[in-house]
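> Have a look at the structure that comes next, please.
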Amino acid sequence: MADRDAPVGFFDSGLGGISVLREARKLLPNEDFIYFGDSANAPYGTKSPERITELSEAVVRRLLAMGAKAVVVACNTATGEAVDTLRERYPNVPVIGTEPAIKPAALAFPGGRILVMATPQCLASRRVRELAARYESEAELVLLPCPGLMEFVERGELSGRALRSHLDSLLAPVLVRPFDAVVLGCTHYPFLRGAIAELTDSAAIIDGNLGISRQLKKRLDEAGLRSVSEHPGTVEIINSSADPALLERSRMLLAL
Ligand code: DGL
């Protein structure tokens, strides 16, 4: 059984989960974190549920072998397909998932028109289909699969013409009427917030990162696992890709 001094493990298919880690560090400044980006296997969002589960299990095994006391699945796609399996396999480890912030968006904009941007497989997962079904009577939900979008963040391209034209082609069919809110249902997308906001006018842009971080804090407290250290926590970043540029980019994104 891990103790309070052990690190919290985070993972994502690549660099996206760093948008969650940034928020978690603000809320839990004395915790140590290990961040595992599975960029060698990215994207997850166009893979089969079986493959996503297999990859997620392998990463979690590794984080636990490194002594993680809790695991944040900082990936909506991996949560959608694998979180139930992970919780079954590790019943004594707090496993915190990530899901598109459909609930807060629908509650904030009752009767509004809400765009949910996420990966194809995230939107196809049973968990996310059920989540959307629970709120479709509260607001008009437009679910938009965004293949190819996370790759811009992996390449460190957070602005520019190619990104703009990719976003244009994804959004054109749904921008026939304005949106009240846009849900960033993939942890890579908060890094593209500026580029997305340029195309969606005055729509509120919502991500679930603060909610996930609060959930992490609550679960650590409940399990008696919150660090009591008075020193600033550390972040160790690991990536499955051998490309050193990804580690450098990860640190840059964490500092944004
Ligand atoms: N960051 C992941 C998510 O939140 C998805 C990116 C991918 O397709 O791997 O869904």
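> Figure the gain on full extension for Asp84 and Glu222 (residue separation times 0.36 nm, minus the Cα-Cα span) and round it to one decimal in nm. If you can, show how the numbers build up before the last one.
Working: separation 138, 0.36 × 138 = 49.68 nm, distance 1.99 nm.
Extra length from Asp84 to Glu222 when fully extended: 47.7 nm.
> When the helices in the chain are scored as -39500 (n - 2.57) per DSSP H run of 4 or longer and the sum is shared across all residues, what 222 nm value do you end up with, to the nearest 500 deg cm²/dmol? Show your work: numbers first, answer last.
Working: 11 runs with 112 residues, N = 256.
Calculated mean residue ellipticity at 222 nm is -13000 deg cm²/dmol.
> Another question about this same structure. Give me, ordered by chain and number, the residues 5 or more places off Phe33 or on other chains with an amide H under 5 Å from its own placed amide H.
Val8, Thr234, Val235, Glu236
> Per-residue counts of other Cβ atoms within 10 Å, averaged by peptide: what ranking do you get for 31-44, 231-244, highest first?
On the way: 31-44: 22.8, 231-244: 14.2.
In descending order of packing, they fall as 31-44, 231-244.
> Determine, from the Cβ-Cβ distance of Asn92 and Asp243 and an R0 of 41 Å, the FRET efficiency 1/(1 + (r/R0)^6), rounded to the nearest 0.05.
The formula returns an efficiency of 0.70 here.
> Quote to one decimal, in nm, the extra length available between Ala108 and Arg161 on full extension: 0.36 nm per residue of separation minus the C-alpha distance between them.
Working: separation 53, 0.36 × 53 = 19.08 nm, distance 3.25 nm.
Here the answer is 15.8 nm.
> On to the next question. Which order do the peptides 12-23, 59-70 come out in when sorted by mean C-beta neighbours inside 10 angstrom, highest first? Write out the running numbers ahead of the final one.
Details: 12-23: 27.1, 59-70: 18.7.
Most protected by this proxy first, the peptides run 12-23, 59-70.
> Using Cα pairs under 8 angstrom and six or more residues apart, how large is the relative contact order of the range 99-256, in percent? Walk me through the numbers before you get to the answer.
Details: 175 pairs, mean separation 39.6, N = 158.
Taking the mean separation of contacting Cα pairs over the length of the range 99-256, I get 25 percent.
> Between Ser202 and Arg4, what length comes free when the chain is fully extended (0.36 nm per residue of separation minus the Cα-Cα distance, one decimal in nm)?
Working: separation 198, 0.36 × 198 = 71.28 nm, distance 4.33 nm.
Computed gain between Ser202 and Arg4 is 67.0 nm.
> Same structure, new question: Tell me the Rg and the Dmax, in Å, that the Cα atoms of the range 28-129 produce.
Final numbers for Rg and Dmax: 14.9, 47 Å.
> Output the relative contact order of the range 104-177, whole-number percent, from Cα pairs under 8 angstrom with separation of 6+ residues. Provide the component values of the computation, followed by the final result.
Values: 57 pairs, mean separation 23.8, N = 74.
The value is 32 percent.
> A further question follows. In nanometres, what is the gap between the two model label sites at Thr46 and Ser229, each 7 Å from Cα along Cα-to-Cβ?
3.9
> So, with a 1.4 angstrom probe, what is the percent of accessible area on the range 47-198 that is carbon and sulfur?
Values: 3260 of 6370 Å².
Carbon and sulfur: 51 percent of the exposed surface of the range 47-198.
> Quote the relative contact order of the range 1-85 in percent (integer), defining contacts as alpha-carbon pairs under 8 Å separated by 6+ residues. Don't jump to the answer; show the numbers that get you there.
Numbers: 122 pairs, mean separation 38.6, N = 85.
Dividing the mean separation by the residue count of the range 1-85 yields 45 percent.
The values are calculated or read from the model by the stated rules, or taken from the named source; none is laboratory data. What you are looking at is a predicted structure, and each value in this text was computed from that prediction instead of being measured. So basically every Cβ, Gly included, is an ideal-geometry build from the backbone, and we count neighbours across all protein chains shown. Only protein heavy atoms, including side chains, enter the accessible area calculation; ligands, DNA and RNA are left aside. Shrake-Rupley method; radii C 1.70, N 1.55, O 1.52, S 1.80 Å.
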